[in-house]
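What follows is calculated from the coordinates using simple rules that are stated; it is not laboratory data. If you're wondering where the values come from, they're calculated on a predicted model, not measured in any experiment. Glycine also receives a Cβ, built like all others from the backbone with ideal geometry; neighbour counts cover every protein chain displayed.
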Amino acid sequence: MVLFEVFINGIILGGMYGLIALGLNLQYGVARILNLSYGEFFVGGAFTAFFTIMLWQYNPLLSLFISMPIAFAMNWLIYQYLMTPLIRRAPDQDALDADVVLVTFGLFFVFQGLALVYWSGDLRGYTFLSTPVNFLGATLAMNRLLALLGACLIAAVLFVILRRTRFGAALRAITIDPVAAGLVGIDVRRYSALAFAAGGALAAASGMLVSTFISFSATTGVAYTLKALIVVIMAGVGRVTGTLAAGVLLGVVEALGGYLIDPALTIAINFGLFMLILLLRPTGLFTRA
Amino acid sequence: MNRRKFLKGSAAAIGAATLPTVSAQAQAGPDKIRVGYAITQSGPLGPGAESTVVSQYKLWNKRVNDAGGIALKKFGKKVPIEMVSYDDQGKPDELIKLVERLIQQDKVDMILSPYATHMNLAAAPIVNKYQYPVIMTTSTTTKTYDLSKRLPYAFWQIVQPNEATQPLANYIGELKKQGKLKGTVAIVHPTIEYGVEMHEAFQNAAKKAGIDVVFSKSYPFGASDLQPVIREAMAKNPEVFVAMSYPPDTFMLTEQMQVVGFNPQIMYVAIGGVFPTYKGKFGDKVNGILAYGGQDKAVPGYAEYIKAHQEFHKRDSEAGAVSVYAALEATQQAIETVGEIDRPKIRDVLASATFKTLWGEYKYVDQRCSSPWAIGQWQNGELVGVFPADKQGAKPVLFPKPKWS
């Protein structure tokens with residue numbers, strides 16, 4: 001019975017990993033920008049939720065109406081005014097990657113510094129839906145379940161957009177080959193900017209959902225950037241449902257390994273799985289060879 | 001007041017042989033007391049250093065100078081403080097260089113503690129070498145017991161692992177003798193040095209107190225889900241749950257224990273359990289929870305301190321910050337007792353006198369605070385000190401802990 005509960009909680013934990021990684025996969029997969037300041041938008045979403053419930057006493061879910069548009073706009077501006085000049089002058093993708101890493105690393109320091117000045121370094125947390133839910137005898141936390149549902153919802157919406165709309169088809173074309181996409185008349189820069197901005201908005205949304213059950217501070221962003229990066233690389237760039245699946249795999253393996261072997265080993269198990277996948281399928285689990 | 005004149009003046013007061021002294025100026029005494037510190041202001045430890053330590057240094061600086069300064073009775077006047085600070089970036093080697101720079105180039109009169117155990121341990125031999133008495137404020141490790149003999153100029157403010165855990169083990173042992181508990185304990189800790197040392201100290205104390213540790217597991221620092229560990233502990237049906245936790249897991253354990261309905265009769269969490277934000281998150285559910293550290297808000301001077309803190313920092317203080325402020329008060333009282341900047345004499349006063357601070361009345365025995373707050377408890381929504389039980393201001397423990405709902 002406990003094993004079943006551990007398993008289900010592993011799925012929920014994995015849903016959270018997938019949720020965090022979805023936005024980064026849009027930014028990295030479609031827009032081809034490895035954004036190291038990604039986690040700062042996660043933190044922004046978490047703080048907006050925190051202030052919404054603790055300061056203004058509204059449902060923290062409402063904070064999504066503030067944090068997502070702001071994150072969307074900021075990421076759009078970052079793409080248009082910081083990334084575009086880099087893309088223009090870079091001779092090839094490798095040179096671009098190096099520039100992008102440096103610039104977004106700088107942005108990470110700027111955003112974290114501002115967050116520290118205005119929000120201080122205190123650890124924050126609030127209580128929202130921390131009620132137990134009984135699922136076939138296993139006890140789950142409502143707020144964690146909500147994050148999983150949020151992850152599934154976002155993944156489903158993204159999937160439909162990417163698979164069923166013209167806009168999505170254009171985005172997929174850019175993912176596969178940005179040069180060829182440009183040649184067939186797709187406005188690569190505009191579409192990439194939108195994908196990048198949407199990724200930022202998803203970072204804020206995941207920050208909001210995760211903040212209901214994990215405490216955070218102005219400096220926690222980078223940890224989530226790294227977690228998201230692991231999931232994205234495991235799944236393969238540009239794979240939406242694959243991101244969610246890779247997250248769930250990571251969560252289940254971590255939970256079961258922790259329970260059956262030793263909880264102290266969970267991080268080691270995580271990275272062990274990550275290394276195994278890098279060795280066996282370096283382009284990611286869900287990419288077509 | 002130019003820099004050279006000040007240096008001559010203070011050097012005369014120190015009686016150090018490094019600079020020529022001019023007796024006429026020595027009579028006048030220094031115009032400033034230069035206080036230096038190197039501390040982490042960037043990197044992951046930066047925020048903690050700011051909220052617990054640097055905020056207190058700044059507040060102390062302002063309050064002392066608003067009151068005219070530190071009284072140097074040898075010169076019959078009050079002398080304001082001037083702070084000199086550097087960022088050690090969380091690197092011990094950088095810290096050591098900066099402390100030497102403060103001493104040799106800036107020639108500061110006094111040095112204040114850096115932040116975090118390993119940084120305090122790095123700084124202690126340096127300040128000892130140059131004979132600068134420093135109260136290390138945020139260091140807790142079993143190594144301290146040896147260090148106080150070897151490093152006479154290093155003082156240790158907060159509770160060390162043995163004293164932090166023994167009162168809890170003894171209290172559980174006492175309840176067992178009275179037949180109120182069978183004495184079964186589950187203990188968990190994150191795999192970081194603090195967690196490991198606190199865990200070992202508690203295991204030893206538990207053995208001596210004759211209580212049974214029925215479950216003991218570690219988890220990685222930064223884990224995202226602690227429900228499996230809690231479930232395992234629950235399966236042993238312990239009466240007492242002890243977590244030698246760090247802030248993020250302190251919060252997570254508390255929440256997930258509520259979700260699965262784990263209601264031990266005694267619950268202890270380590271760092272983070274005394275934070276105002278902990279109460280902010282859990283509200284009245286914190287009542288009955290024991291935590292590392294403590295304070296007594298009825299102590300003389302606390303009301304003025306908290307008012308000044310609110311005005312200066314626009315936020316509340318917390319127990320850890322209060323212990324830092326108390327170390328500053330003790331330093332100031334030692335300087336004022338000596339009446340001049342004579343560091344060996346200040347060291348001797350620190351090592352022998354009794355200090356009245358926001359942390360109550362205490363001495364430094366073997367350079368360790370004789371009665372630091374070890375364990376606090378939330379009672380009626382307020383954090384109170386409960387151990388050491390014989391410390392002034394200590395309240396009786398609320399037992400058993402109220403159930404979550």
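In chain B, what percentage of the DSSP-assigned beta bridges are antiparallel, given to the nearest 5? Don't skip to the end; give the middle numbers.
Details: 17 of 48 bridges.
Close to 35 percent.
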- Task: Just rank A:VAL160, B:VAL322, fewest to most, by other beta-carbon atoms within 10 angstrom.
- Result: A:VAL160, B:VAL322
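Sort B:TYR302, B:TYR292 so that the residue with the fewest other Cβ atoms within 10 Å of its own Cβ comes first and the one with the most comes last. The partial results should precede the final answer.
Working: B:TYR302 18, B:TYR292 29.
Ascending Cβ contact count within 10 Å gives the list B:TYR302, B:TYR292.
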- Task: In nm, give the distance between the simple-model label positions of A:ASP187 and A:LEU260, each being 7 Å from the Cα along the Cα-to-Cβ direction.
- Result: 5.3 nm
- Message: Under the rule of at least 5 residues apart or a separate chain, name every residue whose amide H is placed under 5 Å from the amide H of A:ALA141.
- Response: A:VAL133
- Item | Highest-first arrangement of B:122-133, B:106-117, where packing means the average Cβ count within 10 Å | B:106-117, B:122-133
- Between the modelled labels at A:ASP97 and A:GLN57 (7 Å from Cα along Cα→Cβ) the distance in nm is 5.2 nm
- Work from the charge dipole of region A:2-280 (Cβ charges, +1 for Lys and Arg, -1 for Asp and Glu, about the Cα centre) and give the residue of A:GLY236, A:LEU116, A:PHE216 farthest towards its positive end. A:GLY236
- Query: Relative contact order for chain B using alpha-carbon pairs under 8 Å, separation at least 6, rounded to a whole percent?
  - Reply: 15 percent
- Query: Using modelled backbone amide H atoms (1.01 Å from N, in-plane), which distant-in-sequence or interchain residues come within less than 5 Å of B:ALA71's amide H?
  - Reply: B:VAL79
- Note on the structure: Whole-Hz Karplus couplings 3J(HN,Hα) for region B:95-102, θ = phi - 60° and coefficients 6.51, -1.76, 1.60, Gly and Pro as x, run 4, 4, 4, 5, 5, 5, 5, 4
- Using helices alone, what [θ] at 222 nm do you get for chain B, with -39,500 (n - 2.57) per DSSP H run of 4 or more residues, divided over all residues and rounded to the nearest 500? -13000 deg cm²/dmol
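R0 = 45 Å: FRET efficiency of A:LEU276 with B:SER42, Cβ-based, nearest 0.05? Please list the in-between numbers first.
Numbers: r = 36 Å, r/R0 = 0.79.
For A:LEU276 and B:SER42, the calculated efficiency is 0.80.
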- Query: Among A:ARG166, A:ARG190, A:ARG239, which one shows the biggest mean-square fluctuation in a GNM of chain A, springs joining Cα atoms closer than 10 Å?
  - Reply: A:ARG166
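Sort B:152-161, A:78-87 by packing, meaning the average of other beta carbons within 10 Å per residue, with the highest value first. The partial results should precede the final answer.
Numbers: B:152-161: 24.1, A:78-87: 17.5.
Averaged packing, sorted descending, gives the order B:152-161, A:78-87.
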- Using a Gaussian network model of chain A with C-alpha springs under 10 Å, which one of A:ALA170, A:ALA95, A:ALA197 is most mobile by mean-square fluctuation? A:ALA95
- Using only Cα atoms, locate the centre of region A:5-32 and the centre of region A:94-167, then give the distance between them in Å, rounded to an integer. 8 Å
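Please average, across the residues of A:254-262, the number of beta carbons from any other chain that are within 10 Å of each residue's own beta carbon, and give a whole number.
Taking all residues of A:254-262 together, the mean is 3.
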- Query: Going down the list B:LYS32/B:LYS307; B:LYS58/B:LYS395; B:LYS180/B:LYS391; B:LYS62/B:LYS314, which pairs span over 23 Å between their C-alpha atoms?
  - Reply: B:LYS32/B:LYS307; B:LYS58/B:LYS395; B:LYS180/B:LYS391
- Query: Relative contact order, percent, of region A:2-280 when contacts are C-alpha pairs under 8 Å separated by at least 6 residues?
  - Reply: 43 percent
- Calc'd 3J(HN,Hα), region A:130-147, phi into Karplus 6.51 cos²θ - 1.76 cosθ + 1.60 (θ = phi - 60°), Hz, glycine/Pro = x, comes to 8, 9, x, 10, 8, 10, 6, x, 8, 9, 10, 8, 4, 5, 5, 4, 4, 5
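Sort B:HIS199, B:HIS309 by Cβ crowding within 10 Å, fewest neighbours at the top.
On the way: B:HIS199 24, B:HIS309 20.
Fewest to most other Cβ atoms nearby, the residues stand as B:HIS309, B:HIS199.
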- Item | Point-to-point label distance, A:THR283-B:GLU174, nm (Cα→Cβ direction, 7 Å offset) | 6.9 nm
- Message: Rounded to whole Å, give me the distance from the Cα center of region B:43-64 to that of region A:57-92.
- Response: 33 Å
- Residues whose modelled amide H sits under 5 Å from the amide H of B:TYR86, counting only those 5 or more places away in sequence or on another chain, are B:TYR37, B:ALA38, B:ILE39
- May I ask for the distance between the Cα centers of region A:173-231 and region B:381-402, given as a whole number of Å? 49 Å
- Within straight cross-link reach of B:LYS143, meaning Cα distance under 19 Å, which lysines are found once same-chain residues fewer than 8 apart are removed? B:LYS129
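Suppose the chain between A:LEU82 and A:VAL110 were pulled fully straight at 0.36 nm per residue; how much longer would it get relative to their current alpha carbon spacing? Intermediate values should be presented prior to the final figure.
Values: separation 28, 0.36 × 28 = 10.08 nm, distance 1.38 nm.
Contour length minus the Cα-Cα distance gives 8.7 nm.
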